[in-house]
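K.L.:
Sharing a structure, written as structure tokens. Questions coming.
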Amino acid sequence: MGKITGFMEFQRLQEASEAPQKRLKNWREFVLHLTDDQAKQQAARCMDCGIPFCNNGCPVNNIIPDWNDLVYKQDWRRALDVLHSTNNFPEFTGRICPAPCEAACTLNINSDAVGIKSIEHAIIDKGWAEGWVAPQVPTRKTGKKVAVVGSGPAGMACAQQLARAGHSVTLFEKSDRIGGLLRYGIPDFKLEKHQIDRRISQMEAEGVEFAPSTYVGDPKDPVADGLTVRTPKSLMAEFDAVVMSGGSETPRDLPVPGRELDGVYFAMDFLRQQNKAVAGDRLTNQTLAKGKHVVVIGGGDTGSDCVGTSNRHGAASVTQFELMPQPPESENKTMTWPYWPLKMRTSSSHEEGCERDWSVTTKLLKGANGKVEKLIGARVEWFKDDATGQMKMREVEGSEFEIKADLVLLAMGFVSPVQNVLDAFGVDRDGRGNVRANTDDYRTNVEKVFTAGDMRRGQSLVVWAIREGRQCARSVDAYLMGSSELPR
């Protein structure tokens, strides 16, 4: 424990960031990591609890009190080693994770939680700056070959762990660049892509082979031009084990009149285009928000990313609707701690300019000449059904309204992985259309086929994907070798 009275002496310190009007002019990250002294002071607030709930609140079970203590002592190199012992990619989580560890922080009961995420961010950035992040090349090769299908955080974590265990790993990705939704689903102003590229270089040095622009599925499936197609059968013949680690990519649609109008798009299509443009790709007919009245339907992180992207395009206005009621400004900590609380959350994108409204349903979209011009919505109220105990909604009589809408972005979440891929592998599915597998061994019903990440658990956080990729790697290693020394 760094300082016994630190939690009483020091206040939580937020990371500094560029002013909204300045950061709207570019696509770079704008949050600055803590200085050494700031990180030391923030780490001093850690109480070294007898039961560190932050460890359990964190999906990868980061050993948070230990690296807090090491940062307080300014032993950054050992802090990085402890951080890497549970998390392959802390530069991802230190930037984009919502930090469930902080919700579980004991200090959060009656004060502000320790700034765990900001300390993690500082540790890994110092590690890269000092050259401490190096390839961990295996001392021996097992002769076993593993195919990992899907190069998001689950696939990357799984591939890296297996390569370090000595297996020959090939990571397949249908997009032209590695990274999955890290690459094309998260805007550069939240995660610059060189963060992914240097991990790819590290993994290449560790022996991972990358196969981008490769679709794994039925050759009869419609695929984009230029893609190499590999069948599951061919992978299972060539490799000793196959891991399905794709994302939950089927977006939830909005079945209302006018959905077919031009100007109504899925959020991920909109974000993907912009990320490719930032990467230097020449795009034809990119969807831009400049000068348009933008309506984002969906109040989650993807919707927030659409807000930030639209503002950087120069939208005339941005409005975000959420079907659920507006959350309270702060949670009832005695009722919810140490679990993730329901409370009002304002993202950096919202701070840059956005009108937000809750308990709103979209009834129809209107337009002219095939282009959307207006959204017709109504207010809803939520109530508990006496018979079932479930929450249901009903439209508030006389609450219908209309709003200008030149661009409508659907950011209502994802319902399942791409079903064609699951069909091609012949794997069983759960009730939500995900690959059926437990968290004991991550095995599917198909011999030597494993699964991890959103394809197994449904849409979730990057930190959950990393956890599942690491645990799945251990199961694959044990399957191939009879036992495993990889951590769970």
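K.L.:
Residues that are over 30 Å from residue 298 (Cα atoms), basic (Lys, Arg) and assigned by the TED database to the domain that holds residue 160: list the helices (runs of 4 or more DSSP H) wholly contained in region 180-266 that include at least 2 such residues. Can you show your working first?
P.N.:
Details: elements: 181-184, 194-205, 232-238.
The helices (runs of 4 or more DSSP H) meeting that bar are 194-205.
Matching residues to (1) more than 15 Å from residue 200 (Cβ to Cβ); (2) over 20 Å from the mean Cα position of the chain (by Cα); (3) among the β-branched types (Val, Ile, Thr):
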{"residue": "143", "(1), (2), (3)": "yes, yes, no"}
{"residue": "148", "(1), (2), (3)": "no, no, yes"}
{"residue": "155", "(1), (2), (3)": "no, no, no"}
{"residue": "163", "(1), (2), (3)": "no, yes, no"}
{"residue": "167", "(1), (2), (3)": "yes, yes, no"}
{"residue": "170", "(1), (2), (3)": "no, yes, yes"}
{"residue": "173", "(1), (2), (3)": "no, no, no"}
{"residue": "181", "(1), (2), (3)": "yes, no, no"}
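K.L.:
Which residues, counting only those in region 413-463, are of a type in the set (Gly, Ala, Ser) and touching a strand residue (DSSP E or B) at 6+ places or on another chain (Cβ under 8 Å)?
P.N.:
Scanning region 413-463 gives 413, 416, 424, 433, 437, 452, 458.
K.L.:
OK, next. Taking region 30-46 as the search range and keeping residues that are touching a Ser or Thr at 6+ places or on another chain (Cβ under 8 Å) and either modelled with pLDDT of 95 or more or buried (at least 19 other Cβ atoms within 10 Å of the Cβ) (or both), which one is nearest to residue 189 (Cα to Cα)?
P.N.:
Once the filter is applied, the top-ranked residue is 30.
K.L.:
Keeping to region 73-119, report how many residues are within 25 Å of residue 333 (Cβ to Cβ) and of a type in the set (S, T, N, Q).
P.N.:
So the answer is 6.
K.L.:
Taking the conditions exactly as written (within 20 Å of residue 95 (Cβ to Cβ) and in contact with a His (Cβ under 9 Å, 6 or more places away or on another chain)), does residue 43 satisfy them or not?
P.N.:
When the stated conditions are applied, residue 43 does not pass them.
K.L.:
Sticking with this structure for a sec: Hey, which of the strands (runs of 3 or more DSSP E) in region 285-385, taking only ones fully inside, have at least 3 residues that are closer than 18 Å to residue 20 by Cβ?
P.N.:
Correct list: 317-322.
K.L.:
Is it the case that some residue within region 275-296 is under 26 Å from the mean Cα position of the chain (by Cα) and within 30 Å of residue 442 (Cα to Cα)?
P.N.:
Checked region 275-296: no residue is under 26 Å from the mean Cα position of the chain (by Cα) and within 30 Å of residue 442 (Cα to Cα).
K.L.:
Conditions first: (1) assigned to a loop (DSSP other than H, G, I, E, B); (2) within 22 Å of residue 294 (Cβ to Cβ). Residue 408 passes all but one, so which condition is the exception?
P.N.:
The number of the failed condition is (1).
Yes or no, residue by residue, for (1) under 27 Å from residue 459 (Cβ atoms); (2) surrounded by 16 or more Cβ atoms within 10 Å (Cβ to Cβ); (3) more than 31 Å from the chain's Cα centre (by Cα); (4) modelled with pLDDT of 95 or more:
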{"site": "361", "(1), (2), (3), (4)": "yes, yes, no, yes"}
{"site": "365", "(1), (2), (3), (4)": "yes, yes, no, yes"}
{"site": "373", "(1), (2), (3), (4)": "no, yes, yes, yes"}
{"site": "377", "(1), (2), (3), (4)": "yes, yes, no, yes"}
{"site": "385", "(1), (2), (3), (4)": "yes, no, yes, no"}
{"site": "406", "(1), (2), (3), (4)": "no, yes, no, yes"}
{"site": "410", "(1), (2), (3), (4)": "yes, yes, no, yes"}
{"site": "417", "(1), (2), (3), (4)": "yes, yes, no, yes"}
{"site": "422", "(1), (2), (3), (4)": "yes, yes, no, yes"}
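K.L.:
Given (1) polar (S, T, N, Q); (2) outside the structural domain of residue 259 (by the TED database); (3) open to solvent by 20 Å² or more (accessible area, probe 1.4 Å), identify the lone condition not met by residue 390.
P.N.:
Status for residue 390: all satisfied but (2).
K.L.:
Return the total of residues in region 70-125 being more than 28 Å from residue 201 (Cα to Cα) and either charged (D, E, K, R) or buried (at least 24 other Cβ atoms within 10 Å of the Cβ) (or both).
P.N.:
7
K.L.:
Does residue 324 qualify as being open to solvent by 40 Å² or more (accessible area, probe 1.4 Å), free of Cβ contacts under 8 Å to residues at least 60 places away in the same chain and among the hydrophobic types (A, V, I, L, M, F, W, C)?
P.N.:
yes
K.L.:
Would you mind finding the one in 209, 204, 173 that is out of contact with any Asp or Glu (no Cβ under 9 Å at 6 or more places or on another chain), surrounded by fewer than 17 Cβ atoms within 10 Å (Cβ to Cβ) and closer than 18 Å to residue 243 by Cβ?
P.N.:
The unique qualifying residue is 209.
K.L.:
Can you tell me how many residues within region 154-201 are under 17 Å from residue 470 (Cα atoms) and among the polar types (S, T, N, Q)?
P.N.:
Here the count works out to 4.
K.L.:
Same structure, new question: Mind counting the residues in region 264-299 that are at pLDDT 95 or above, hydroxyl-bearing (Ser, Thr, Tyr) and open to solvent by 40 Å² or more (accessible area, probe 1.4 Å)?
P.N.:
1
K.L.:
Can you tell me which residues in region 440-460 are surrounded by fewer than 19 Cβ atoms within 10 Å (Cβ to Cβ) and within 27 Å of residue 412 (Cα to Cα)?
P.N.:
Of everything in region 440-460, those that are surrounded by fewer than 19 Cβ atoms within 10 Å (Cβ to Cβ) and within 27 Å of residue 412 (Cα to Cα) turn out to be 458, 460.
K.L.:
For residue 289, indicate whether it is under 26 Å from residue 149 (Cα atoms), in contact with a helix residue (DSSP H, G or I) (Cβ under 7 Å, 6 or more places away or on another chain), outside the structural domain of residue 192 (by the TED database) and in contact (Cβ under 8 Å) with a residue 12 or more places away in the chain.
P.N.:
Against the criterion (under 26 Å from residue 149 (Cα atoms), in contact with a helix residue (DSSP H, G or I) (Cβ under 7 Å, 6 or more places away or on another chain), outside the structural domain of residue 192 (by the TED database) and in contact (Cβ under 8 Å) with a residue 12 or more places away in the chain), residue 289 does not qualify.
K.L.:
Can you name the residue in region 126-155 that is basic (Lys, Arg) and open to solvent by 60 Å² or more (accessible area, probe 1.4 Å) and is also farthest from residue 230 (Cα to Cα) among such residues?
P.N.:
140
K.L.:
Criterion first (of a type outside the set (Val, Ile, Thr), part of a loop (DSSP other than H, G, I, E, B), over 30 Å from residue 152 (Cβ atoms) and open to solvent by less than 20 Å² (accessible area, probe 1.4 Å)) does residue 12 satisfy it?
P.N.:
No.
K.L.:
Another question about this same structure. I need the full set of residues from region 118-170 which are of a type in the set (Gly, Ala, Ser) and not in a loop (DSSP other than H, G, I, E, B), in order please.
P.N.:
Across region 118-170, the qualifying residues are 118, 122, 127, 129, 147, 154, 155, 157, 159, 163, 168.
K.L.:
Another one. Could you tell me how many of the residues in region 48-62 are open to solvent by less than 60 Å² (accessible area, probe 1.4 Å) and of a type in the set (A, V, I, L, M)?
P.N.:
Adding up the residues that qualify gives 1.
The values are calculated or read from the model by the stated rules, or taken from the named source; none is laboratory data. Keep in mind the model is a prediction, meaning the values are calculated, not measured. Note: ideal-geometry Cβ built from the backbone for every residue, glycine included; neighbour counts use all protein chains shown. Keep in mind that these areas ignore ligands, DNA and RNA; they rest on the heavy atoms of the full protein, side chains included. Shrake-Rupley method; radii C 1.70, N 1.55, O 1.52, S 1.80 Å.
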